[in-house]
Amino acid sequence: MYPFFKDLPSQSLQQCLMQLDRAFKSFFKKQADFPKPKKKAKREAGIRFPTLKVGAIEYDKHSRRKAWVTLPKIGRLRFVSSRPFSGKVKNVTVTKQGGDIFVSFGVEEDLTGVGNTSASAVGIDRGVVHTLAISNGEFLDLPTERIKLLEDKIARLQARLAKKKKFSANWMKQNKKINRVHHRITNIRKDFLWKSAHNLTKNHGMIGIEDLGIQRMTKSAKGSIDNPGRKVAQKSGLNRAILRQGWYDFSVKLKWQAEKHDARVIEVAPYNTSIICSAALINLRLIVSVRSCFAALNVDMKTMPIPMRQKKSTLERAAGATVHNALMDLGLDKNPPL
């Protein structure tokens, strides 16, 4: 019925069936939506090879970046090695993303001795103005200006796409250009999130992070015909800004890096984390102004502009209260804020 199936290795087809089975199990557990059928010519998919022959990966004698891999029913392919790896290769996955073809290797290696010896604990507050605010006063910011420029470029390319006949040759070319720009945005975000998660788990033994309901936070405010929403455009802009930062993706990468570096990630309830001072650990609803909080942080209020006073106060208080709540959950802090 489908002759092109003969062109693929049988083990790769079995991998697709295993992925389909996993997708249905996730659906029945109410962890994901119903699996959507995907057409062969309209998806940037991948193919996985669960086993490789001994000596299937070869490196150039003069440059470790030049390498070749021999795949079943495909043959010998040349690829650029982005970084060296060691250990036993368990599987190989070939994917197509943004018009480029990538090969990734699943490797089993010994991580003994990679453990984290740091005893410091920090809290992280995720935001829109600053992507990550650390309780030690450090800010980690996603390069949003570069992303916004690329988003403007996507809007221009989509305007040209709308004038072309759907699924024509010119439409397909224009669609590929849009996919490439989307892929660049994804790479910029992933690069920032991976590096941030790696550095945080490498330098700190315990990290507190808010357990945010991001799907609920980014829900549309348009409402229904009988009960229309209010300030729909403003909420849409906020949702776009939150999703641009990649909050959920960061939490996933942080947990993975923490497991790798033997660090501990504590998810705490976000309740009251924005009204507790990170230094004095007092509830700011009980004091007249935030000056007492800045006094405890040894910050000169007179030298800071008013917007910066409010911004620094809110972010540092939220991050500091996050790590305080994490310590409370572990039973390590017996002095709760007033």
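Values quoted throughout were computed directly from the atomic coordinates according to the rules given, and no laboratory measurement underlies them. In this text, all values refer to a predicted model and were calculated from it rather than measured experimentally. Every residue, glycine as well, gets a Cβ built from its backbone with ideal geometry; the counts of neighbours run over all protein chains shown.
Within the set 30/260; 6/73; 38/166, which residue pairs have Cα atoms separated by over 20 Å? As for pairs spanning more than 20 Å Cα to Cα, those are 30/260. Each label point was placed 7 Å from the Cα along the Cα-to-Cβ direction; for residue 102 and residue 149 their separation is 2.3 nm.
Counting other C-beta atoms within 10 Å, which of 271, 59 has the fewest, and how do the rest follow?
Fewest-to-most Cβ neighbours within 10 Å comes out as 271, 59.
Considering only 185, 246, 224, and ranking their Cα positions along the charge dipole of region 173-253 that arises from unit charges at the beta-carbon of Lys, Arg, Asp and Glu, the one farthest toward the positive end is 185.
Bridging of residue 235 to aspartates and glutamates at a Cα separation below 15 Å is possible for none of them, once same-chain residues fewer than 8 apart are set aside.
Full extension of the chain between residue 128 and residue 230 yields a length gain of 34.6 nm, computed as 0.36 nm times the residue separation minus the alpha carbon distance. Among 126, 78, 160, 244, the ranking by other beta carbons within 10 Å of each residue's beta carbon, starting with the fewest, stands as 78, 160, 244, 126.
Could you pull out which residues in region 167-184 have an amide N less than 19 Å from a spot 7 Å beyond the Cα of residue 243, following the Cα-Cβ vector? So the set is 178-184. A simple count of charges around residue 10, restricted to other residues whose Cβ falls under 15 Å of its Cβ and scoring Lys, Arg +1 and Asp, Glu -1, yields +2. Taking R0 as 22 Å, what's the FRET efficiency between residue 22 and residue 51 from their Cβ-Cβ distance, rounded to 0.05? Computed FRET efficiency for residue 22 and residue 51: 0.65. Partner aspartates and glutamates whose Cα lies under 13 Å from the Cα of residue 195, excluding those fewer than 8 positions away in the same chain, are identified as 141, 249.
Each Lys or Arg adds one and each Asp or Glu subtracts one; over the other residues with Cβ under 12 Å from the Cβ of residue 80, this totals +3. Too long at a 25 Å Cα-Cα cut-off: which of 176/255; 165/219; 66/96? In this structure, 176/255; 165/219 lie more than 25 Å apart at Cα. Rounded, prolate or oblate: pick one for region 174-237, where a ≥ b ≥ c are the square roots of the eigenvalues of its C-alpha gyration tensor, a/c under 1.5 means rounded, and failing that, prolate if a/b is larger than b/c, else oblate. Oblate is the answer for region 174-237, as a/c is 1.5 or above yet b/c matches or exceeds a/b. Students often forget the sequence filter, so: which aspartates and glutamates lie under 17 Å Cα-Cα from residue 88 once same-chain residues fewer than 8 apart are removed? Counting by Cα, and skipping residues close in sequence, residue 88 has these aspartates and glutamates nearby: 58, 108, 109, 110. Here the 3J(HN,Hα) profile of region 193-207, calculated from phi with Karplus coefficients 6.51, -1.76 and 1.60 at θ = phi - 60°, is 5, 5, 5, 5, 5, 5, 5, 5, 6, 6, 9, 9, x, 9, 10 Hz, Gly and Pro shown as x. Highest mean packing first, where packing is the average number of other Cβ atoms within 10 Å per residue, the peptides 103-110, 180-187 line up as 180-187, 103-110.
Test of understanding: what is the full-extension gain from residue 262 to residue 177, defined as 0.36 nm times their sequence separation minus their Cα-Cα distance?
On the way: separation 85, 0.36 × 85 = 30.60 nm, distance 4.14 nm.
Result: 26.5 nm gained on full extension.
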